[in-house]
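Structure, as structure tokens:
Values quoted throughout were computed directly from the atomic coordinates according to the rules given, and no laboratory measurement underlies them. Predicted model, so just to flag it, every value in this text is computed and none were measured. Cβ coordinates were reconstructed from backbone atoms using ideal geometry, including for glycine residues, and neighbour counts include every protein chain displayed.
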Amino acid sequence: MNDQKYHTPYPPLSGMGMQPVATAPPQADASPGGWSQPNMTYPIGLEYLTGLDYLFVNQKIELLQAFTGWETKNKYVITDNRGEPVYYMAEESGICWRLCLGKYRSCEFTIYDKNHREILRMVRPFRCDGCCCPCYLQVLEVYSGSTLLGSVTQEWSLWRPKFYIRDASGQPVLMIKGPLIRFCVNVIFKVKSMDGKRRVGVIRKQWSGFARELFTVSDTFGINFPRDLDVKIKAVLLGACLLIDFMYFEQEP
């Protein structure tokens, strides 16, 4: 269990180095939404996100977990609004972490593109959750190779879930506020500018059907964000969706 702060990068996995970068076409107009301007240089593989303003995150049904209740490694398919696959995501975690700590387990996620290239790595260390532990709350870091792109940090709140989206330097650039009640058909987490005045997007937990909701923990999410948002922050929002799924929707039915 690692007790590093969110802005300290984890050591890269064996054989992983710096990813090459691509350059996006210049954009003449400034963003009116209050978020930071997109960086025109980004890691190879994130160019898929430049023209997108919506992603769907679909967790695959694990039959072993559905029938036995044993916690298995999560797998996701990430698609665009036309249903075309953009990325595939797979969890890496130890069986003791999954069986003993369940949704609080320490784990890593590797994200691949359609050509099976590794694009992103997300690291989630063991952390607590709740108003009794305000100094050891949830965190998830997003990497491209060994380069930290940003992080998601849970902020202490007595009632509503609250998170910050932070850039690579650790500065908060967006905030996420969740609802008081999370048992509705569609549960919405609002993505806002740091002053709280502008709604930048949403992370929506969508109803997956009666049988799937009742007998599995396989969830479906939609993520909406500005088309001109920095692709690295879009990647961190994808990590926020993953963290929200673990924290609030991984309970065994």
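Say the cut-off is 18 Å between C-alpha atoms; which of LYS162/LYS232; LYS177/LYS197; LYS162/LYS190; LYS177/LYS205 go over it? Correct reply: LYS162/LYS232. With a cut-off of 11 Å between beta carbons, the residues surrounding LYS234 carry a summed charge of -1, where Lys and Arg count +1 and Asp and Glu -1.
Extension gain, LYS60 to ASN81, is 5.8 nm, computed as 0.36 nm per intervening residue step minus the present C-alpha separation.
Highest mean first, the peptides 171-180, 146-155, 188-197 sorted by other C-beta atoms within 10 Å per residue fall in the order 146-155, 171-180, 188-197. Taking packing as the residue-averaged number of other Cβ atoms within 10 angstrom, the listed peptides 52-58, 120-126 run from highest to lowest as 120-126, 52-58.
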